Amino acid sequence: MNQSTQILGERANGAAMPQNKMSKILFYLFFACLFLGGGTARDDALSLIILRPLAIAVIGYCLLVIDKNQINRIKIPLMTVLGLGLIMVIQLIPLPPAIWSMLPNRELLVTFDKLAGLEPIWRPISLSPSKTMNSLMALSVGLAGLLLYAIQPAPRNPKIMVVFIIAGFASTLLAFIQLSGPMDSIAYSYRITNNGSLVGFFANRNHHATMLCAIIPMIAYLGLKYDDKSNLDYKSALIAGALIMFLFPFILQIGSRSGIFQAVLSVVFALIIAAIFILNGGTKKQSHIKQDKWTNAQAVKKKRMQLAAIGLFFLVILSIAALSFYLSRAEAIDRLFKEDAIEDMRSLVLPITTKMASDFWLFGAGFGSFEHVYRIYEPHNLLRITYLNQAHNDWVQFAIEGGIFPILIIGALFIKGMAQFKSLWTARHDDIKNVLAAMAAAGSIILCIFASVGDYPVRTPIITVFIIISLAIYFKPVGNKAG
C-alpha cells in the first residue's frame, strides 16, 4: 500500500511539474505582451490582434488546470468581471421591436425607421452592438490576467506586485528614450499618442502617471520586512525609499495635472503602510514574546526613531516637490497655470454627459457606445474638428453605457470592500504581512478610482489587469499565510 501511494505521488508530482512550467511560460508571455501592447484604450490598436487571442488562449488553459481553492482565492473579482460580462451579453441580445421601442431614448431611431420606410427591426439594447462586443472582448484580457494570477503557486502570488513594479520602471526608461528622440520616434508605441510627452508603455501621459503612482504603495509594502533577528531590514526599506524618491519627481515631469495629486496621495498611502508596519511591531510571533521593561523601552525608542524616519522621508518628498515648483522644472506644475483645451472641453461636456447618464440610467446605451451616442447630444457650440471618443469621466460614462445594473455591482463590491477592511483592521496584529499587502492593493485601487474621475485609465488593458489583480490581493482572506 505504501509503495502504491509513493508511485501515485510521484506520478502526481511529475504531472504537476510540466503544468507549473507551462503556467510560468504563459504568465511571462502574457504579461510581456500586455505591457508592450496594452497601453491604449483604443479598439483599433494593432497590438490587440495579438493580445486578445492570447488572452482567450490563456483563459482556455487556465480553465483546464484551475482548482476550487484557486477559484475561491479570486472569487470576488471573478464575480465582478463575470457580472459585467453578463450585462454586456444581455445588451447584445436582439429584442422584439415592440419591446425595443419602449426603451428610453429610442424615439429618434424609431422615427428614422419610419422616415426610411423600414420594417420593424429586432435590435439589441446597445445602440452600438459592435462597440459593446468590443467591450466584451476587452474583458478577456482582464479575465486572463486574473486566472493566471490564480493558478500560480500560492507563495508567489504577492510577488505579482514585483512584475508591475519592474514594468513601471521599464516604462520610465522607455519614456527617457522618447524624450531624447524626435516626436515621431519609433519609441512611441501607438499611432495616436501624446507625442513629445513621457508616455512610456502608454499612449496617454495621464495613464502613465496613474500607473506609476499606483505602484508606489506596492513598493512600500515590498520594502518593509524583518531580518532573521526580528529587526527592520533597513537595506530593503532604503531601496524602497530610493525607488519612490526617483518616481515622485519623474511623475511631475510627465505633465499630468491629476498625476500631481495622485503622486502626493500615493506617497501618503506608502507612509501609512510603513507606519502600520512599525506600530504593529512585525509578526504574530514577535507580538507574543514576553519582554521585560528594559526591552520594552528599547522597542518603544526604536519605533519612535523609525516613525521619525518616515516623517523625514515625507519632508524630503515635499522638498523635492517644492524644488521642482520653484525651478519650474516640472511640466505638470507648469500646466496647472496654463489654459488647456482638453481640460476646458471636459468641463464643458460634463453637463451633457450628466444628462446622458440620467437619460440612460435604467439599461444603459450599451458598453462602448459613448462615442456614437454623444453625437446625438452634442450641441452646435461644441462642434470641433476633433471628436470626443470618451467622456473623460469614467464613472459618468459607466452609468451612461451600463445603466443601473453595473452600478449595483460596483455598489455591492464597495460594501464587500468595507466588510473586508473591517476584517483587515481586526486581524492586523496577527497577519500583518497579508494585511499590508491588502492595504497596498487598496491604495492602488483608490488611486485608479481617483484618476477615473477626470479620465479613463482603467480602459487600458494594462491598468484593467492591474486593478483586477489588486482586487484579488485585497480580498484575499486574512489569516491564510499560504497565499
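Okay, here's what the table says:
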read-out	value
Evaluation of ASP43 against (1) in a helix (DSSP H, G or I); (2) within 30 Å of GLY403 (Cβ to Cβ); (3) at pLDDT below 95; (4) not basic (Lys, Arg) (one fails), failing number	(1)
For ASN434: the one exception among (1) out of contact with any helix residue (DSSP H, G or I) (no Cβ under 6 Å at 6 or more places or on another chain); (2) over 20 Å from LEU78 (Cβ atoms); (3) touching a residue at least 24 places away in the same chain (Cβ under 8 Å)	(2)
Residue in region 231-238 that is free of Cβ contacts under 8 Å to residues at least 60 places away in the same chain, more than 27 Å from THR460 (Cβ to Cβ), open to solvent by 30 Å² or more (accessible area, probe 1.4 Å) and touching an Asp or Glu at 6+ places or on another chain (Cβ under 6 Å) present	yes
Residue that is surrounded by the fewest Cβ atoms within 10 Å (Cβ to Cβ) [pool: residues in region 195-220 that are at pLDDT below 90 and among the polar types (S, T, N, Q)]	ASN195
Among (1) open to solvent by 30 Å² or more (accessible area, probe 1.4 Å); (2) modelled with pLDDT under 90; (3) of a type outside the set (Asp, Glu) - the single one LEU424 does not satisfy	(1)
Restricting region 456-476 to residues that are open to solvent by less than 10 Å² (accessible area, probe 1.4 Å) and assigned to a helix (DSSP H, G or I), the residue that is farthest from LYS433 (Cα to Cα)	PRO457
Index of the failed condition, GLY145 passing every other in (1) open to solvent by 20 Å² or more (accessible area, probe 1.4 Å); (2) under 16 Å from the mean Cα position of the chain (by Cα); (3) under 30 Å from PHE246 (Cβ atoms)	(1)
Complete set of residues in region 369-411 that are assigned to a helix (DSSP H, G or I), in contact (Cβ under 8 Å) with a residue 12 or more places away in the chain, open to solvent by less than 40 Å² (accessible area, probe 1.4 Å) and of a type outside the set (Asp, Glu)	PHE370, VAL373, TYR374, LEU382, VAL396, GLN397, PHE398, ALA399, ILE400, GLY402, PRO406
PHE450 under 18 Å from the mean Cα position of the chain (by Cα) and open to solvent by 20 Å² or more (accessible area, probe 1.4 Å)	yes
Top-ranked residue of region 64-123 - restricted to ones that are part of a helix (DSSP H, G or I), charged (D, E, K, R) and open to solvent by less than 70 Å² (accessible area, probe 1.4 Å), ranked as farthest from LEU139 (Cα to Cα)	ASP113
Some residue of region 438-460 being over 28 Å from ILE251 (Cβ atoms), among the β-branched types (Val, Ile, Thr) and in contact (Cβ under 8 Å) with a residue 12 or more places away in the chain	no
Flag for ILE192 being open to solvent by 50 Å² or more (accessible area, probe 1.4 Å), closer than 21 Å to SER47 by Cα and touching a residue at least 24 places away in the same chain (Cβ under 8 Å)	yes
Near pairs, Cβ below 6 angstrom, 6+ apart or cross-chain, from region 80-91 (without any contact (Cβ under 8 Å) to a residue 60 or more places away in the chain) to any residue that is assigned to a helix (DSSP H, G or I)	GLY85/LEU139
Residue that is under 30 Å from TYR221 (Cα atoms), out of contact with any strand residue (DSSP E or B) (no Cβ under 8 Å at 6 or more places or on another chain) and among the basic types (Lys, Arg), where the choices are LYS131, LYS159	LYS159
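The values are calculated or read from the model by the stated rules, or taken from the named source; none is laboratory data. This one's a predicted model, so the numbers in the text were calculated from it and none came from an experiment. Heads up, the Cβs are rebuilt from the backbone with ideal geometry, glycines too, and the neighbour counts pull from every protein chain shown. Heads up: the accessible areas ignore ligands, DNA and RNA and are worked out on the full protein's heavy atoms, side chains in. Shrake-Rupley method; radii C 1.70, N 1.55, O 1.52, S 1.80 Å.
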